[in-house]
Amino acid sequence: MALPDGPKASPALQMFQWIRMPFSFMQSCHQRYGDSFTIRLSRRFGPLVLFSHPEALQTILTNDDAKLFEAPGSLNVTLELITGTQSVFGLSGEQHRRARQLLMPSFHGERMRSYGELIREIAEQVLDEYEPERPFEAREPMQRTSLRIILRAVFGLNEGPRYQQLERLLGGLLDGLSSPVSATILFVPRLRLDLGPLSPWGKFVRNRQQIDHLIYEEIADRRRSQSYLQAGRTSDESGPKGAQRNDILSLLMSARDEAGEGLSDSELRDELMTLLIAGHETTATALTWALYWIHRLPSVRQRLLEEIESLDNNFDPNVVFKLPYLNAVCSETLRIHPVALLTFPRVARSRVTLTNVTLDAGATVAGCIYLAHRRKEAFPDPEKFNPDRFLDRHYSPYEFLPFGGGVRRCIGMAFAQFEMKLVLSAILSRFDLALANGRAVRQQRRGLVSGPSAFRMSAARIAERE
């Protein structure tokens, strides 16, 4: 099969570069081979053709429902190690469409906006836990905020033993895979050796088992609550009663497909892990980057503060969500530092031509989000953080695609954008933050995705400065 040119190094060396230095690896390939090139990360997976031209991305992402391409979940095996085989990531075809159909109502319209007050409350609560003026790792409060929002909005959990255990275990699971060395076990199957609880893979497996146990316990409690209600009895569980719950777990348990079938316990577990992992990690990373740039560039911070102050303490979620400069700052953060570097892979169903590249049936392709966001014709001076670019023009979904696209576009996209804007507005309106030093921050691999290198900030309530 004829494929575009690409690096000639062995799959093992290319995998090493992809894990350790993905950004320079992609940029060097683009400089040498152009808008399309072929990488080979393993003999088992085979060659992967990456595209970053908007025209090619449009063809791939608008024809991935079995017309020219298919998007098999079997290609997402690395994610399955965390989310399971029955999550929306791992399913294909009709099963994938069914899963998205059941999940989508939880993330749109009034349902999503009902979480507005909760999001703001948690953001303020988390930063209040830090001692004023004492430097802290910037990622820590953003990770706690995002995780607590997910636990409250997805699970409907309030403070209690299960909530605390899940917060600790999920944070530990992700932190344990955050370094490139640790992430290697996800990409290289032969390294997945359980050598006891102190070994990287052994620790991961035991952590995952404990999380699964807690999730299945919560599902069982909800099932019992539902049966009590259906029998006309009142649930004795603390917190909202089953019939009054509006968390995503309750919605998923009530959801029915076209055949009237609901989700099984194992399907619920896998979808919950998908929402917990994908929704928590990605949003925490984006928020951390946003805080860095807002406080790195005084003009951006001042302009954003003026926009937030113009609300005159009216933090209605619908109003905050529509703030133009806040939206531009969030969009530019996701452009310059997309958390996901690639779209989900697709497989050509028949012979297809993409921007003068002809591929045979069976070729595996993916859009390179990282390179697409650095095309100079769309984003002049692409390494500069410039929110104004999102005020000056509208970008197509094939130029700006931080959440992917097509049938595999992130199902929580609207919720992530909503959360990001509400958390930033809450923090900036109530706290005076500052970078602890002027050290530059770099983008680096964090597990399966990317994130900023460590940096420290300090915070004080604005009232304390008055």
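The table for this structure:
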read-out: Among L291, G84, L323 the positive-end extreme of the charge dipole of the chain (Cβ point charges); value: G84
read-out: Kyte-Doolittle mean at least -1.0, axial Cα span of 24 Å or more - DSSP H helices of the chain; value: 265-296, 413-430
read-out: Stretch gain in nm, segment R461-D257, where the contour uses 0.36 nm per residue and the Cα spacing is subtracted; value: 68.7 nm
read-out: Per residue, in Å², the accessible surface of the chain once ligands and nucleic acids are set aside, probe 1.4 Å; value: 44 Å²
read-out: About the Cα centre, charge dipole magnitude for the chain (Lys/Arg +1, Asp/Glu -1 at Cβ), debye; value: 1440 debye
read-out: Rg ratio (alpha-carbon, reference 2.2 N^0.38 Å) - region 244-357; value: 1.54
read-out: Residues of type lysines that K421 reaches as a straight line, Cα spacing below 24 Å, ignoring anything fewer than 8 places off in the same chain; value: K322, K384
read-out: Label-point separation in nm, R43 to E131, each point 7 Å along Cα→Cβ; value: 5.6 nm
read-out: Computed [θ] at 222 nm, deg cm²/dmol, the chain (DSSP H ≥ 4; -39,500 (n - 2.57); rounded to nearest 500); value: -15000 deg cm²/dmol
read-out: Potential extension, H394-S266 segment - 0.36 nm per residue separation minus Cα distance; value: 41.9 nm
read-out: Cα centroid separation - region 300-373 against region 429-459, whole Å; value: 20 Å
read-out: Distant-in-sequence amide H partners of R446 (H built 1.01 Å from N, under 5 Å); value: G451
read-out: Amide H within-cut-off set for F37, under 5 Å, with H built and near neighbours excluded; value: L50
read-out: Inter-site label distance for R32 and S92 at 7 Å from Cα along Cβ, in nm; value: 3.2 nm
read-out: Size-normalised alpha-carbon gyration radius of region 85-230, reference 2.2 N^0.38 Å; value: 1.25
read-out: In nm, spacing of pseudo-spin labels at A2 and A220 (7 Å Cα→C-beta vector); value: 6.0 nm
read-out: Test item: Cα-centred dipole of region 331-466, Lys/Arg +1 and Asp/Glu -1 on Cβ, debye; value: 420 debye
read-out: Length gained when the stretch M104-E383 is fully extended (0.36 nm per residue, less Cα-Cα span); value: 97.0 nm
read-out: Among (i) 22.5; (ii) 23.4; (iii) 24.0, the entry derived from the coordinates for Kirkwood radius over Cα pairs in Å; value: (ii)
read-out: Descending principal axes extents, region 365-411, alpha-carbon based, whole Å; value: 30, 20, 15
read-out: Probe 1.4 Å - accessible area at M420, Å² to nearest ten; value: 10 Å²
read-out: Accessible surface of L342 - all protein chains present, 1.4 Å probe, nearest 10 Å²; value: 40 Å²
read-out: Set of aspartates and glutamates near K376 by C-alpha distance (under 20 Å), chain-local residues within fewer than 8 positions excluded; value: D35, E55, E332, D388, D392, E399
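The values are calculated or read from the model by the stated rules, or taken from the named source; none is laboratory data. Since we're looking at a predicted model, the values are computed, not measured. Using ideal geometry, Cβ is built from the backbone for each residue, glycine included, and neighbour counts are taken over all protein chains shown. Ligands, DNA and RNA are stripped out before the accessible areas are found, and what is left, the full protein with its side chains, is counted by its heavy atoms. Shrake-Rupley method; radii C 1.70, N 1.55, O 1.52, S 1.80 Å.
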